[in-house]
1. Check whether at least one residue in region 218-230 is surrounded by 23 or more Cβ atoms within 10 Å (Cβ to Cβ), assigned to a loop (DSSP other than H, G, I, E, B) and in contact with a His (Cβ under 9 Å, 6 or more places away or on another chain), and report yes or no.
2. Within region 106-128, take every residue that is more than 17 Å from residue 88 (Cβ to Cβ) and in contact with a strand residue (DSSP E or B) (Cβ under 8 Å, 6 or more places away or on another chain) and give me the one that is least open to solvent (accessible area, probe 1.4 Å).
3. Return the total of residues in region 156-168 being surrounded by 20 or more Cβ atoms within 10 Å (Cβ to Cβ) and either on the phi < 0 side of the Ramachandran plot or touching a residue at least 60 places away in the same chain (Cβ under 8 Å) (or both).
4. From 170, 119, 123, grab the single residue that is assigned to a loop (DSSP other than H, G, I, E, B) and at pLDDT 95 or above.
5. Against the condition assigned to a helix (DSSP H, G or I), open to solvent by less than 70 Å² (accessible area, probe 1.4 Å) and within 16 Å of the ligand (Cβ to nearest atom), how does residue 336 come out, does it pass?
6. If you go through region 304-332 one residue at a time, how many are open to solvent by less than 20 Å² (accessible area, probe 1.4 Å) and more than 11 Å from the ligand (Cβ to nearest atom)?
7. So which residues in region 236-259 are within 12 Å of the ligand (Cβ to nearest atom) and either in contact with a helix residue (DSSP H, G or I) (Cβ under 8 Å, 6 or more places away or on another chain) or aliphatic (A, V, I, L, M) (or both)?
8. Could you check how many residues of region 263-294 are open to solvent by less than 100 Å² (accessible area, probe 1.4 Å) and either within 16 Å of the ligand (Cβ to nearest atom) or polar (S, T, N, Q) (or both)?
Amino acid sequence: MLNGKRILLIIAGGIAAYKCLELIRRLKERGATVRCILTKSGAEFVTPLSVAALSEHKVYQDLFSLTDESEIGHIRLSREADLLVVAPATANILAKMAHGIADDLATTCLMATDKPVMMAPAMNGRMWSHEANQENIQRLESRGIIRIGPNTGEMAERGEAGVGRLAEPMEILVEIENFFRFANRLNGKHVLVTSGPTYEPIDPVRFIANRSSGKQGHAIARALHRMGAATTLVSGPSAEPDPFGVNVIHVETAQQMFDACKSALPADVAVCAAAVADWRIKQPAAGKIKKNAKNKPPQLVLAENPDILAQLSKPGGQRPLLVVGFAAETENVIEQARMKRERKQCDWIVANDVSEANGGAFGTDDNAVHLITADHEDSWPRSSKVSVANKLALCIADHLDAAS
Ligand code: CTP
């Protein structure tokens, strides 16, 4: 899987640094060439000798080392790799990366590289949730740095538990493998994704909305972009940051979402993950609706919104080669989704059970879905929305390969 791939592993100073030794072994087993940079504090946790023995390469430690620079300068070191992986990524190195500080070999390589970067954060739970760290993480993700973890569990500090554990070496390995499996598979394709809720105004201050967070749709756009697709994301109001490299069109209402989708065509693939309001207020009030003297509730007259999925699925014209819809159901999930696929004429439906009994799906980080196509149904085990997105993106790439 990783034959011929060159990985530059940057080991920063955290108690979890020992896990990197296992990661190096697994990467080497799969055929990767692994060069390592060990930061000064990283060397307090693992020895250069173990890192060198396992990676079968010299360990790079010093920006001002004459021998290092004459053998392979820091610029070459950072660019000769196919991928840079920072693990464990401590709060300190993440802060330096976020702010462009280059005061040692590791951070200088991270600034000088023109290659993709992954970070696997590891730190105490309080440090992880600290505003400064969260801002740094957001900033790095918005620049396209791929995050792996951290996991939840026991901390190095006795009796403490929380979010901040380094992802397990096998989890990091899977992400690295996925990265190479994904790369360039959708080059030259244009995909359109809808995400988030829609807001349907009642008057200038009130609106009808739903609980969609946009997490699943945004993760799909991110995964498709990482596979090389030119990606347009039409998003309703969402707290999710705009995915790096994706053309994001922000809308509020279903009608605006429909108009934005139409103008984004032609597309090879459309994935409608948005929770579009079926109804809008027929005539939103121009001014704020006041309680009337008798306190009678106002009558809200509704009109039907365009069904974007059904419209994009209509045969002929600019219909994308593959149209994928979502179905959030609370009962008879597969049966309902099957009927929805036929009714809306889309090619695939991703159905999820949003009943309370199943833990819901709105706002959560994971999802249990079924992929329903014309000739088969596949139930995927509950996993993170990011994993669901990656898996769906792979199915899409396989389908386009088979169709070409
Ligand atoms: N959808 C859409 N435009 C709409 C309504 C829904 O594009 N106006 C899309 C959603 O993005 C999703 C799929 O249709 O991909 C299913 O949406 P859902 O609300 O479950 O379907 P409905 O037709 O509204 O069916 P019902 O609410 O009766 O289950």
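The values are calculated or read from the model by the stated rules, or taken from the named source; none is laboratory data. Everything numeric here is computed off the predicted structure, so don't read it as measured data. Cβ placement follows ideal geometry from the backbone for every residue including glycine, while neighbour counts extend to all protein chains displayed. These area figures cover heavy atoms from the full protein model, side chains too; ligands, DNA and RNA do not enter into them. Shrake-Rupley method; radii C 1.70, N 1.55, O 1.52, S 1.80 Å.
1. Looking through region 218-230, at least one residue is surrounded by 23 or more Cβ atoms within 10 Å (Cβ to Cβ), assigned to a loop (DSSP other than H, G, I, E, B) and in contact with a His (Cβ under 9 Å, 6 or more places away or on another chain).
2. Selected residue: 113.
3. Residues in region 156-168 being surrounded by 20 or more Cβ atoms within 10 Å (Cβ to Cβ) and either on the phi < 0 side of the Ramachandran plot or touching a residue at least 60 places away in the same chain (Cβ under 8 Å) (or both): 3 in total.
4. One residue alone meets the criteria, 123.
5. So residue 336 fits the description; yes.
6. 2
7. Correct list: 236, 254, 257, 258.
8. 16
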